[in-house]
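Read through the structure below, which is laid out as structure tokens, and then see the notes.
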Amino acid sequence: MAERRLVLVLGDQLSPDIAALRAADPARDRVLMAEVEDEARYAWHHRKKLVLVFAAMRHFAERLRRAGWTVDYVRLDDADNSGSLTGELARAAAHHAPSEVLLTEPGEWRLATAFDGLQGALAVPLRRLEDDRFLCARADFAAWARGRKRLRMEDFYREMRRRTGLLMDGDGPAGGRWNFDAENRKPPKAGLSPPGPARFDPDPATRAVIDMVGARFPDGFGDLEPFWFAVTATQAEAALDRFLGEALPRFGDYQDAMLRDEPFLFHAVIAAYLNIGLLDPMAVCRRAEAAYREGRAPLNAVEGFVRQILGWREYVRGIYWLKMPGYRDRNELGHDRPLPAFYWSGETEMACMAAAIGQTRREAYAHHIQRLMVTGNFALLAGIAPQAVHGWYLAVYADAFEWVELPNTLGMSQYADGGLLSSKPYIAGGNYINRMSDYCRHCRYDVKAREGADACPFGVLYWDFLARHRQRLDGNPRLAQPYRTWDRMDPDRRDAIRDTAARFLARLDGRG
Ligand code: DLZ
Ligand code: SF4
């Protein structure tokens, strides 16, 4: 049996046709999967995310066994667990003496370098295969980026539409336009009654994981229960079906809307399933396109949805591998304020922040506008250290893996890369939040007040941010209008706004 190969499958590689499994033979080779402390603790993961990953791993191992594979499965509480993936791989390689180890390239830099380190130390060759579940190979992205002055998502996305033929009519985009976002900004209204994502009762295997995570991570972040995520490909498909059938038609219109009592609105809530391998991105896009072609969903909804997966998701992954490891340390605006404790507790008088963080604690989920324009916007306006913001986003969302989270946080949200990803900082005052949500009605702050103790912190921090960063941002044409407005304001009013901001920030720092 010394001829057997060993195939390591990671917790976000739960796809039966992942490269390393495709290269192996179920009749002969052995699969290794391992739950380990290092992966469970490199971020302060939400406990629902831990349950999702471990439960999905265990179900996937069973699926492989049913398909005829021999699977060695190491549980987190196994007595001789070494605590790391490299440790488990070295242990299994020593024990089984395989002819070769197969590994699909890990999604995160951290793990990729850990396996680089192991390469020489193993007695057997380690063969690493590209993760081809992505629609744009790393080399193809690098080729696309080469020689370009600007790496704009929109350019990349059009290229991907052409390359895949998704939502194309001949050589042109379906419906005559590449992007229908202008139609995707309806404010919320009463009585929308969104369907909500599909929910699944935990089976005994998942129940065992919930108990284990509850016992081993008593101080972990986030509510463990009710746990309702899909943990198998079949369930994830059912979640996708429900979204396509019931939410997609209105997904576009209300993509940016926020309601205190409707955390999911018409969003698909499938990112976590895509990111651990339960759903295939191309298959998901094709099904959304079919909904449009068959008249079941409007083009603005389908195009917006496909752009997230075919465009944005692939683009941020390309940026990640192009720019790491330096990218992680970027801090173009020199922000250094610690992350306020309320990011973890949700205890703040700002109703919008309390709502976004509260649902994050409960569900390990918030949608893109809550992330970008509420929690991210606040961090940027308040000058919080981007690496601290990164640590938070990586921890709290079930879908957060560094390859997708880091460019979204540092680049898109915090402008820490100096404008590589976005042409201007994503900042907005309270008026934007008020237009797009029902939060302000429930807030102790007054969204209309521009200064003083009751003034909405987003409003005063917005102007303060622009004033603080004037030297760097003044030349940005997309900020010319706000700077003009600021300059036209009465000097006393400007002073009052900046004074209110200073007081608020002092309180945030525990100084006031
Ligand atoms: C996220 C995660 C967690 C919490 N636990 C494990 C684990 O115990 N074993 C494992 O193989 N993978 C886990 N993962 C996923 C890895 O962290 C993931 O492969 C890297 O983040 C690379 O994307
Ligand atoms: Fe948020 Fe300001 Fe609205 Fe309060 S008033 S909910 S702080 S935007």
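To the nearest Å, what is the center-to-center distance of segment 280-353 and segment 183-213, using C-alpha atoms only?
18
List the trypsin sites (Lys or Arg not before Pro) in segment 414-512 that DSSP assigns to loop (not H, G, I, E or B) and whose Cβ has at most 14 other Cβ atoms within 10 Å. Which are they?
Arg444, Lys448, Arg511
Segment 231-312: which trypsin sites (Lys or Arg not before Pro) are DSSP loop and have at most 15 other beta-carbon atoms within 10 angstrom?
Arg296
Taking square-rooted eigenvalues a ≥ b ≥ c of the alpha carbon gyration tensor, is segment 239-348 rounded, prolate or oblate, where a/c under 1.5 means rounded and, failing that, a/b exceeding b/c means prolate?
oblate
I need the calculated FRET efficiency for the pair Gln471 and Arg207, taking r as the beta carbon distance and R₀ as 51 Å, to the nearest 0.05.
0.35
Would you please classify the overall shape of segment 99-220 from the alpha carbon gyration tensor, given that a ≥ b ≥ c denote the square roots of the eigenvalues, rounded means a/c under 1.5, and beyond that prolate means a/b larger than b/c while oblate covers the rest?
oblate
Just to confirm, what accessible area per residue do you get for segment 342-508 at 1.4 Å probe, in whole Å²?
36
Given the peptides 228-238, 35-45, arrange them by the average over their residues of other C-beta atoms within 10 Å, most packed first.
228-238, 35-45
Quick check: at a probe of 1.4 Å, how many percent of the accessible area of segment 342-508 sits on carbon and sulfur atoms?
47
Put +1 on the Cβ of each Lys and Arg and -1 on the Cβ of each Asp and Glu in segment 6-129; which of Ala93, Gly11, Val36 then has its Cα farthest toward the positive end of the dipole?
Farthest towards the positive pole: Gly11.
Looking at segment 72-152, which GluC sites (Glu not before Pro) are DSSP coil and have at most 13 other C-beta atoms within 10 Å of their C-beta?
Of the GluC sites (Glu not before Pro), the ones in loops of segment 72-152 whose Cβ has at most 13 other Cβ atoms within 10 Å are Glu130.
Between rounded, prolate and oblate, where does segment 342-508 land on the alpha carbon gyration tensor, with a ≥ b ≥ c its root eigenvalues, rounded for a/c under 1.5, else prolate if a/b exceeds b/c?
Cα axes put segment 342-508 in the oblate bin.
With a 1.4 Å probe and every protein chain kept in, tell me what percent of the accessible surface of segment 11-84 is carbon plus sulfur.
Carbon-and-sulfur percentage of accessible area, whole number: 45.
Heavy atoms only, probe 1.4 Å: what % of the accessible area of segment 138-323 goes to carbon and sulfur, would you let me know?
47
Per residue, how many Å² of accessible area does segment 138-323 show with a 1.4 Å probe?
Per residue, segment 138-323 has 42 Å² of solvent-accessible surface.
Give me a comma-separated list of calculated 3J(HN,Hα) values for segment 383-390, in order, Karplus coefficients 6.51, -1.76, 1.60 applied at θ = phi - 60°, integers in Hz, x for any Gly or Pro.
x, 7, 4, x, 5, 5, 5, 4
Under a 1.4 Å probe, what is the accessible area of segment 1-81 per residue, stated in Å²?
39
If the cut-off is 21 Å between C-alpha atoms, which lysines fall inside it for Lys189, apart from same-chain ones fewer than 8 positions away?
Hits, sequence-local ones excluded: Lys448.
So, with +1 on the Cβ of K and R and -1 on the Cβ of D and E, and no other charges, what is the size of the charge dipole of segment 227-351 about its Cα centre, to the nearest 20 debye?
Dipole size: approximately 420 debye.
The values are calculated or read from the model by the stated rules, or taken from the named source; none is laboratory data. Here the structure is a predicted model, which means the values were calculated and not measured. Note: ideal-geometry Cβ built from the backbone for every residue, glycine included; neighbour counts use all protein chains shown. For accessibility, only protein heavy atoms count, side chains too; no ligands or nucleic acids. Shrake-Rupley method; radii C 1.70, N 1.55, O 1.52, S 1.80 Å.
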